[in-house]
Structure formats: structure tokens, C-alpha cells
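Some notes on the structure that comes next.
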Amino acid sequence: MAIENQSESEFKLVGFKNFVRRNPKSDLFEVKRFHHIEFWCTDATNAACRFSWALGMPIVAKSDLSTGNHIHASYLLRSADLSFLFSAPYSTSRAPHSASATAAIPTFHAAACLAFAAKHGLAVRAVALEVADAESAFRASVAHGAEPASPPVLLRGRTGLAEVRLYGDVVLRYVSYKDPSHASHADPSLWFLPGFEAAAASFPALDYGIRRLDHAVGNVAELAPAVSYLKGLSGFHEFAEFTAEDVGTSESGLNSVVLANNSETVLLPLNEPVYGTKRKSQIETYLEHNEGAGVQHLALVSEDIFRTLREMRMRSSLGGFEFMPSPPPTYYANLHKRAADVLTVDQIKQCEELGILVDRDDQGTLLQIFTKPVGDRPTIFIEIIQRIGCMVEDEEGKVYQKGACGGFGKGNFSELFKSIEEYEKTLEATRPA
Ligand SMILES: [Fe+2]
């Protein structure tokens with residue numbers, strides 16, 4: 001579906017089956033990758049430690065009182081290319097006015113952070129992208145309708161940072177580096193942001209196999225204005241879309257559009273609730289509890305989902321993350337028919353033991369599982385995925401996996417409902433009359 005040059009009122013979902021995927025390579029500025037995700041909270045130490053333990057992501061860098069930051073405590077978790085940052089304010093009563101100069105993140109604001117945490121609970125404040133040049137990305141976005149959140153700054157003459165509003169109280173943060181070799185440095189003030197210092201290494205080293213961020217999903221009240229706003233400010237194209245009808249049941253209660261950058265490595269799906277279904281839309285529940293739009297889930301790629309899940313499940317009742325209930329055995333009986341050409345019998349057995357879901361599209365296979373909401377409110381949760389297939393070679397002969405190989409799990413909605421129905425029938429059959 002082409003919606004370029006269409007006004008918002010003309011925006012219309014065509015559904016998964018009618019959607020024609022094409023990549024117009026229409027980015028307004030050069031986007032390299034997801035850079036980090038920042039959570040705003042009221043106590044960064046505790047939030048960071050919980051996520052570190054639950055996901056096997058060591059705390060690798062910090063900016064806090066111990067590094068001379070009198071404004072905020074920030075802890076950075078990292079596992080390969082995935083970075084999560086947790087930030088919370090120090091007391092504003094004790095910091096002298098000049099202390100604001102000690103903040104490592106120039107866009108941090110104590111009162112805004114406290115208001116954000118009070119309104120949303122534990123939530124994502126920033127989805128950060130590494131771009132070629134933060135200033136020109138900001139200017140291009142604002143020229144194309146973006147609401148500025150924080151004007152461009154050049155930190156220590158080498159790291160660019162700017163922010164525009166994404167949805168709700170979430171910002172899209174642009175980060176860029178003057179030094180092309182920044183990533184090869186060991187010092188976090190060079191590879192991450194100035195003002196950050198290396199944290200003491202954890203022992204034993206934490207690593208459950210999580211490697212990068214695949215997609216960051218936003219829930220919004222209305223899809224059409226959110227899609228045209230984000231498309232407009234970034235030039236990102238529509239990569240996929242799903243409607244409630246597509247998933248073979250009206251129960252899912254959501255419509256969804258996935259936006260992607262030129263290389264389709266930055267995937268930003270957006271969901272809206274569908275009203276009037278039998279069960280209340282989970283998106284509606286989110287919007288109520290989050291008090292508006294926000295990040296619904298973060299999908300993290302594992303290099304070995306079986307290992308990651310074994311490690312995570314071991315810690316579920318020890319301060320880690322809990323998972324959504326596993327599908328009934330009928331789901332896995334059907335899976336032998338659906339995925340026998342891709343997964344071995346042993347792998348299907350492991351999927352069943354660990355409660356992993358499997359879906360396919362015309363290109364590849366997706367293994368996925370969802371945690372329960374990770375904070376107090378029924379809002380943000382984590383998805384762990386592994387994608388199989390779609391390996392292609394670039395011009396230089398380097399083999400890589402195409403973005404979103406295997407899709408986003410659309411087929412699992414109908415498979416799950418089908419298997420639950422089948423399972424309930426087997427229970428009825430065994431129930432004494
Ligand atoms: Fe997802």
C-alpha cells in the first residue's frame with residue numbers, strides 16, 4: 001500500500017494479504033542502527049540490576065556521583081549490540097545550580113524524569129538510533145514535521161545528540177560520532193557517550209546469548225496520525241501491516257503497521273487498539289495503565305534461543321522475568337506438521353519444554369516468546385526471538401540475514417487460538433460425563 005502524499009484522513013490499512021512489500025529507500029537521513037534504549041525510573045541502581053540479572057546483560061558503564069555526575073545516576077547494560085540505559089535523578093535540593101554541567105546526558109531533566117515515572121511507571125523514555133549526523137537528522141526531521149524535543153548538541157566536540165518526539169512521552173534520540181573508529185575504543189566515553197566510565201566487570205560474566213535489538217514496538221491510541229508522523233519525519237517505509245481480521249480472530253484487538261529504515265535493520269512497529277471485540281484489547285489496557293502512548297515491547301535477538309530461555313527461566317522466580325503461559329501440547333503436535341523441514345525433532349521438543357512459539361512467513365522462520373510485563377503495571381514487556389533463514393550475500397561477499405526474516409509472529413495468534421480450542425476439546429473428551 002502506498003500512502004506517500006496521502007493525507008492522514010486517507011490512510012487506510014489494506015491488511016497483510018493485500019499489502020505489497022517494497023523498499024523505496026526513502027530515509028531522510030542516514031540511519032546506521034539501533035543505538036540504545038533508555039528507561040527513566042526513580043532508582044536506576046535497582047532497575048538496572050534487575051534487568052541485568054534477568055537478561056544476562058552486564059552493567060558495563062556508569063555515570064553517577066562516583067564519576068562526578070550530580071544530576072542523574074545512569075547505568076548502561078550491554079550484551080553485544082544491545083544497550084539498555086537506566087537513568088534516575090538525584091535530589092534536586094542538594095545539587096548546586098552549576099551541577100547541571102555535570103550531567104552526562106544533556107537532555108536529562110530531573111523534574112521531567114520524576115513526572116514521567118509517576119505517570120507511566122517503569123517505561124522507555126528514549127529509542128536511540130545511531131545516525132551519520134545527529135544535527136542534520138534533527139534538522140531534516142523537524143523540517144518534515146517532527147516536534148523537537150531537544151536541539152542538537154555536540155558533546156566534547158565529538159558526539160552529536162538530538163531528540164524529537166516519537167509518541168506519547170517517548171523521544172527518538174539521534175546519536176552520531178565524529179570519529180568513525182569510536183566503536184573500537186574500550187572507553188565508554190568514546191564508544192557510548194562522554195561522561196560515562198567503565199563499571200567494574202561482573203563475576204562470573206553474565207551472558208545468556210542476547211545479541212541485539214530487533215524491533216521496538218509502540219502502542220498508540222490512533223495508528224493513522226502516528227504512522228504518518230513517523231514516516232514523515234524519518235522517511236521510513238512501511239514494511240508490513242496486520243489488521244485484526246488478518247490474524248484469523250477478532251480477539252487480538254489490534255491493528256499494526258511496521259516501519260523500517262532503508263536497510264530494514266531498524267524496525268518500528270506501531271499498534272492501535274481495536275474496540276468492540278469480545279475481549280478488551282490488550283492495547284487499550286496498556287494505554288490506560290501507561291496513561292497514553294508508549295513502548296509496548298522490545299524484541300531482543302538471541303543467537304541461541306534455547307540457551308537464552310534456559311538461563312532466563314532458571315531465574316524467573318529468583319528476581320528474573322516471568323513468561324506468558326506456554327501453549328497447550330496440541331500447539332506442539334501441530335508444530336511437527338508446520339515446521340518439520342526447518343526444526344529437528346529435538347528442537348521442537350525444546351520449543352515445547354521452554355514454551356517457545358514458532359511462526360513462518362514466505363522468507364523464513366521466527367522463534368519467539370514473551371515475558372509477562374516486567375514492572376508493576378500491565379504495560380511494557382520483553383520478547384526474545386531467533387530468526388532462521390533469509391541469509392543473503394552483499395556486494396562484498398559478506399553474508400548477512402535480511403531484516404525481519406520470518407515476520408513478527410502474526411501466524412501465532414491464529415495457531416494459539418486453534419491449539420487452545422483443540423486442547424479444550426481433548427479435555428472435554430476426557431472429562432467424566
Ligand atoms: Fe514483537
How many of the residues in the stretch 357-398 are assigned to a strand (DSSP E or B), open to solvent by 20 Å² or more (accessible area, probe 1.4 Å) and more than 12 Å from the ligand (Cβ to nearest atom)?
7
What are the pairs, 6+ residues apart or on separate chains, where a residue within the stretch 208-220 that is open to solvent by less than 10 Å² (accessible area, probe 1.4 Å) and of a type in the set (Ser, Thr, Tyr) has its Cβ under 7 Å from a residue that is assigned to a loop (DSSP other than H, G, I, E, B) and modelled with pLDDT of 95 or more?
208/56
Can you find, within the stretch 289-329, the residue that is farthest from the ligand (Cβ to nearest atom) among those that are in a loop (DSSP other than H, G, I, E, B) and open to solvent by less than 10 Å² (accessible area, probe 1.4 Å)?
320
Complete set of residues in the stretch 189-209 that are touching a Phe, Trp or Tyr at 6+ places or on another chain (Cβ under 9 Å), in a loop (DSSP other than H, G, I, E, B) and within 22 Å of residue 72 (Cα to Cα):
199
Please go through the stretch 399-427 and give me each residue that is in a helix (DSSP H, G or I) and aromatic (Phe, Trp, Tyr), ordered by number.
413, 417, 423
In the list 88, 115, 104, which residue meets the criterion of being small (Gly, Ala, Ser) and in a helix (DSSP H, G or I)?
115
So, of the residues in the stretch 141-189 that are in contact with an Asp or Glu (Cβ under 7 Å, 6 or more places away or on another chain) and farther than 23 Å from residue 63 by Cα, which turns out to be least open to solvent (accessible area, probe 1.4 Å)?
164
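The values are calculated or read from the model by the stated rules, or taken from the named source; none is laboratory data. Treat the numbers as computed from the prediction; the structure is a model and nothing was measured. Please note: Cβ atoms are built from the backbone with ideal geometry, for glycine as well, and neighbour counts cover all protein chains shown. The protein model used for the area step is the full one, side chains on, heavy atoms only, and it has no ligands, DNA or RNA in it. Shrake-Rupley method; radii C 1.70, N 1.55, O 1.52, S 1.80 Å.
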